[in-house]
Amino acid sequence: MLEAVTTLSDPLTQPLGKKAADTLEKVLGLCTVGDLLRHYPRRYYTRGELTPLDSLAEGDHVTVLARVASSGINGPSGMTPGQARGMQARSRARGQKAPVSRLEVIVTDGTGKLQLTFFAGVGFHAKQLPQGTLALFAGTVSSFRGRRQLVHPEYELLPESATDERMTTEFAEEFARELIPVYPASAKLTSWTISKYIGAVLDKLEAGEDPLPAEVRERHDLWPRELALRAIHRPTERNELDSARKRLKWDEAFTMQAALALRRHAAAAMPAVPRPAEQDRIAAAFDQRLPFSLTAGQQAVGDVIAHDLACAYPMNRLLQGEVGSGKTVVAVRAMLQVVDAGGQAALLAPTEVLAQQHYRSITALLGPLGAGGTLGAGEQSTRVALLTGSTGVRARRSTLSDVFTGDAGILIGTHALLEDQVQFADLGLVVIDEQHRFGVEQRDALREKAAGSRPHVLVMTATPIPRTVAMTVFGDLEVSTLSELPAGRSPISTHVVPAVERPHYLDRAWQRVREEVAAGRQAYVVCPRIGDADDDADGADTPDTSAPDTDQAAAKQPADGQEARRPPLAVLDVAPELAEGPLSGLRIAIMHGRLAPDEKDRVMTAFAAGEVDVLVSTTVIEVGVDVPNATAMVIMDAERFGVSQLHQLRGRVGRGRDPGVCLLVTEAPPASPARERLDAVAGTGDGFQLSRLDLQQRREGDVLGSAQAGRRSSLKLLRLLSDEDLIASAREEANAVVAADPDLKTHQPLKETIDDFLGDRRSEFLDKA
């Protein structure tokens, strides 16, 4: 009868049995043989050179070749074995926990003696190690009552025939050099147990046909998959690991790229309506009425977007630009091109403050061009509408009607745009501002409002989230960058203020704020919490969207290296302290997300008019607030904010001709990860560079978004920043395979691998192209 084999798709119950399979699923989320074999070792160790017993030092991890001189089972506290057995019987009869026996083995190599102690499996080890047994022992040296010992050492018995000194030495050296894999484990499932399970699976493994085409393997000098899997779990020498890792990284990159290529192919089946630029229409008139000249970067990026909009397939472009680099103007020009071509555009903003700011600035820029249907509108014009959660019933009804009939060419709003009642006549372009504030599902919900075809999509951000950086590395998102500031904008200097080590620095920060106000300018003070009685534990200010801010998680955590301490500083506590202390005499106002909309408008209007010197606020002012006279910002508990938030916040200053300064006040200790993050923010103004730092620290998460919701991360070995060249090569190869065989009819193993990779939501993933 042939021995049963196991394949990568088999459930773990088949090779390991139900008990082991249940444990692996419960503790590590591993269900199939492939899942287990993709649970790669995080490092390897060797038992090391053979160590003479007379040279052992406490704390050393050693391997010794020795013979058993004596062996005995001892009870606790010096009891004889008989006494220990009697006490154990009496304890069991009383329902009490029995004292633990131990096996003590004395071994010698002729230079000295060493005690081996076993507390578990006493009977088993006693049978394995009778007097006279020759074996190799490995473990960490400790001492007990002045005697050196190894507690529960690993050991390898030498065969009875190993009497030849040369054979014994060779066996011992091989034992000492063997690479031992160390797996990500837990208290309930040790690395040793995982290694045992993997060994049992490898003994029966039949990996099947290789999903990576032979010509790809040959071009890039890649090992077969089964050889790589065996080598990474059971390497015979370290240079094998490089080849194994290279091949398995290719598996991850090529599978991902092939899945994305299939998604792009699916997108081509639902083309977008071309929206070519029209001469002498609203967009051209808008350019002529701009009160400033476009930068070379704005003009170049605008030309690329205009070309994309004229194509018959949907644009999917990220517009990355520093805060204040003029992304909004670029977006308006794109929206007007779509309007000129008979379509509509929607601009999705994360907060009411930002949506209202966009509405005011865009209608001001458009003037009569954006007043369509009203007295004084331009000969060629459109209507700009605003829809947020606080829009009144009458205004809401009017806006919905204008959008449905097509009278409103541009709709600006918050998550209210995603509601079912919002229906467009012909949605041609979706612009998403600060995309890290929206979930994948929300962005898709707006895109689905285009009837019959896919709209073009333009995403704007100053600091892309790690997942977005990952998508650009994988080539699934085209990127345009605005790197120069418009005329009249000044650079922002950023400094870390270590409040604990140098309290006088904090005093100097408040002095700097007073100096800015004395010079006729204004300042922000930002706190992580609101501080009212209903404030929740983390104090996150609630934006006008239900999407989680991926950076707010960083804001909620204590500083690295510190114990749990006071709650984060709150607006309602800090404002009166400043008014009575270092900023006494200045005009101070507060701003946070729980203020009524009318109160928010009143505060922001007063601040913009120069009637407030210092605005103490939560992150509600993170985006969309434009007060050119504000030149200073102090961010309290800065270690509690994410990189993206910090970069966005400091973009609120330096928006005029006077230079801006941002002071990051922190209690994070030197050399902690939080402090390093703040130093990085202070060291560069490049948002994309900061997002790559964020990616290094937080990993990329799930590159494919919600297609794998609830599944573990798809990338095990691949690192997006260090493996960019490999990913690019995999993209080129995967695109060629999918272009030649879009249904993968002649690449069945690859198709099966992609299906396994995407899981049950494969079709949904492809639909969301």
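Computed from the Cβ-Cβ distance with R0 of 22 Å, the FRET efficiency linking Ala126 to Thr193 stands at 0.45. For segment 569-663, which whole-number percentage of the solvent-accessible area (1.4 Å probe, protein heavy atoms only) is attributable to carbon and sulfur atoms? Result for segment 569-663: 51 percent of the exposed heavy-atom area is carbon or sulfur. Projected label points at Ser55 and Ala739, each 7 Å from Cα along the beta carbon direction, are separated by 6.2 nanometres. Taking the average, over residues, of other Cβ atoms within 10 Å as the packing measure, peptides 648-656, 35-43 rank 648-656, 35-43 from highest down. Between Glu278 and Ala395, the FRET efficiency from the beta-carbon distance, with R0 = 45 Å, is close to 0.90. Rounded to the nearest 0.05, the FRET efficiency derived from the C-beta distance between Asp303 and Leu365 at R0 = 22 Å is 0.65.
Determine the equivalent ellipsoid of segment 224-364 by diagonalising the alpha-carbon gyration tensor, then write out the semi-axes as square roots of 5 times the eigenvalues, largest first, rounded to whole Å.
Numbers: eigenvalues 434, 74, 39 Å².
Over the Cα atoms of segment 224-364, the ellipsoid semi-axes are 47, 19, 14 Å.
Here's how it looks for Glu478: its modeled amide H is under 5 Å from those of Asn316, Leu318, which are all 5 or more places away or on a different chain. The phi torsions of segment 606-611, fed into the Karplus equation with coefficients 6.51, -1.76 and 1.60 and a -60° offset, translate into couplings of 5, 5, 5, 7, x, 8 Hz, rounded to whole numbers, with Gly and Pro shown as x. Heavy-atom accessible surface of segment 634-697, averaged per residue, reaches 29 Å², computed with a 1.4 Å probe. Across segment 264-277, rounded Karplus estimates of 3J(HN,Hα) from the backbone phi angles (6.51 cos²θ - 1.76 cosθ + 1.60, θ = phi - 60°) give 5, 5, 5, 5, 5, 6, 10, x, 8, 7, x, 10, x, 5 Hz, Gly and Pro being marked x.
Gain on full extension, evaluated as 0.36 nm per residue between Asp598 and Ala312 minus their Cα-Cα distance, stands at 98.5 nm. The length gained on full extension between Thr605 and Val151, counted as 0.36 nm times the residue separation minus their Cα-Cα distance, comes to 156.2 nm.
Solvent-accessible area assigned to carbon and sulfur over segment 296-400 amounts to 56 percent, based on a 1.4 Å probe.
Would you mind checking Lys249/Lys449; Lys249/Lys751; Lys26/Lys204; Lys113/Lys196; Lys127/Lys196; Lys246/Lys751 for any pair whose Cα atoms are more than 29 angstrom apart?
Working: Lys249/Lys449 38 Å; Lys249/Lys751 18 Å; Lys26/Lys204 23 Å; Lys113/Lys196 31 Å; Lys127/Lys196 22 Å; Lys246/Lys751 21 Å.
The answer is Lys249/Lys449; Lys113/Lys196.
Computed extension gain for Tyr45 through Glu580, at 0.36 nm per residue and net of the alpha carbon distance, reaches 186.5 nm.
Using a ≥ b ≥ c from the Cα gyration tensor of segment 330-439 (square roots of the eigenvalues), is it rounded, prolate or oblate, where a/c under 1.5 gives rounded and otherwise the larger of a/b and b/c decides, a/b for prolate?
On the way: a/c = 1.42, a/b = 1.26, b/c = 1.12.
It is rounded, given that a/c, with a ≥ b ≥ c, falls under 1.5.
Accessible surface for segment 172-306, divided over its residues, is 49 Å² per residue with a 1.4 Å probe.
Close amide-amide hydrogen proximity is noted between Val497 and Leu664, Val665, Thr666, each under 5 Å apart and 5 or more residues distant or on a separate chain (H modeled in the peptide plane; Pro and chain starts excluded). Close amide H contacts of Gly389 (hydrogens built in the peptide plane, cut-off under 5 Å, sequence separation of 5 or more or a different chain): Thr414, Ala416.
Residues in segment 675-686 carry Karplus couplings, in order, of 5, 4, 5, 5, 4, 5, 4, 5, x, 8, x, 8 Hz; the curve used is 6.51 cos²θ - 1.76 cosθ + 1.60 with θ = phi - 60°, and Gly or Pro positions show x.
The values are calculated or read from the model by the stated rules, or taken from the named source; none is laboratory data. All values reported here derive from a predicted model rather than from experimental measurement. Cβ sites come from the backbone with ideal geometry, for glycine too, and all protein chains shown count toward neighbours. What goes into the accessible areas is simple: the full protein's heavy atoms, side chains included, and nothing from ligands, DNA or RNA. Shrake-Rupley method; radii C 1.70, N 1.55, O 1.52, S 1.80 Å.
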